[in-house]
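Report on the structure given below.
The values are calculated or read from the model by the stated rules, or taken from the named source; none is laboratory data. Please read these numbers as outputs of a predicted model, since none were measured by experiment. Cβ placement follows ideal geometry from the backbone for every residue including glycine, while neighbour counts extend to all protein chains displayed. With ligands, DNA and RNA removed, areas are computed over all heavy atoms of the protein, side chains included. Shrake-Rupley method; radii C 1.70, N 1.55, O 1.52, S 1.80 Å.
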Amino acid sequence: MTTPQPSNDALPTPRGRPLQPFDVMDACHQQIVTALHQMVHLLDHLEQHGVDGQAQETARNIFSFFMGTAREHHLDEERHIFPTMINSGDAQLMELTLRLQQDHGWIEEDWLELAPQFESIAAGYHWFNLEHLRLAVPVFQALYQDHIALEESMIYPQAKARIAEWDLHGMGREMAQRRKRRGLNPDQADRAAA
Ligand SMILES: [Fe+2]
Ligand SMILES: [Fe+2]
């Protein structure tokens with residue numbers, strides 16, 4: 001498996017300006033897409049090689065990414081992006097945001113069904129059902145990718161235009177502090193809060 005692992009360290013500083021909270025959020029979308037591809041590669045690997053060291057490492061990375069970074073990303077949006085959209089007075093924006101909020105619930109529900117299987121693979125056990133994963137992973141992947149596409153095309157541009165400079169500073173600080181409290185790598189959010 002050569003696809004890059006989901007990581008917290010792959011964010012370059014944008015040229016000519018300090019890192020902003022939205023850079024962290026955009027980077028997280030990239031990491032989610034990478035992790036979703038990694039899931040599919042893992043299933044191919046399991047089919048050919050079973051649970052070996054490489055499969056365990058990949059499953060461990062996927063498990064910790066969706067338990068940690070991906071959930072924090074949803075919280076970032078729910079605390080800092082969605083309220084601004086819901087209070088925008090724009091009915092279409094409000095409706096769209098409520099749908100995205102509901103998506104977070106579906107994504108969490110799907111992930112909680114998948115998580116024990118990835119945890120089992122990470123621990124070197126064979127308590128997983130490849131047939132079930134072959135059906136469930138593409139559904140999870142499609143749901144997440146549609147969600148990200150909608151955010152990037154409809155919500156993020158609006159949020160970037162509406163969230164004031166001084167709010168961005170507080171947003172970055174809250175994101176960094178929350179990650180520190182939870183023992184996650186706060187690097188990107190720290191740089192955005194500086
Ligand atoms: Fe989202
Ligand atoms: Fe998102």
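Numbers at a glance
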item	result
Descending principal axes extents, the stretch 64-178, alpha-carbon based, whole Å	50, 32, 17
Label point distance in nm, Asn87-Ala136, each placed 7 Å from Cα along Cα→Cβ	3.8
For the stretch 170-175, 3J(HN,Hα) per residue [Karplus equation, 6.51 cos²θ - 1.76 cosθ + 1.60, θ = phi - 60°, Hz, x = Gly/Pro]	x, 4, x, 5, 5, 4
Among Val139, Gln54, Gln31 - extreme Cα towards positive end, dipole of the chain, charges at beta-carbon	Gln31
1.4 Å probe accessible area per residue over the chain, in Å²	51
Rounded percent of accessible protein surface that carbon and sulfur make up, the chain, 1.4 Å probe	53
Value of [θ]222 nm, deg cm²/dmol, for the chain, DSSP H segments ≥ 4, -39500 (n - 2.57) each, nearest 500	-24000 deg cm²/dmol
For Asn185, residues with placed amide H under 5 Å, excluding near neighbours	none
Alpha-carbon centroids, the stretch 95-115 and the stretch 48-66: separation in whole Å	24
Within the stretch 51-73: backbone nitrogen closer than 14 Å to the Arg178 label point (7 Å, Cα to C-beta)	68-73
Charged-residue dipole, Cβ positions (Lys, Arg, Asp, Glu), the chain about Cα centre, Debye nearest 20	700
Estimated FRET transfer efficiency when R0 is 30 angstrom, pair Trp106-Asp52 (beta carbons, to 0.05)	0.40
Lys/Arg +1, Asp/Glu -1 at C-beta; the chain dipole; positive extreme among Met154, Leu75, Gln188	Gln188
Rg(Cα)/(2.2 N^0.38 Å) for the chain, N = residue count	1.08
Exposure of Thr97 as accessible area (Å², to 10), given a probe of 1.4 Å and all protein chains	0
The stretch 21-193, relative contact order [Cα under 8 Å, separation at least 6], %	30
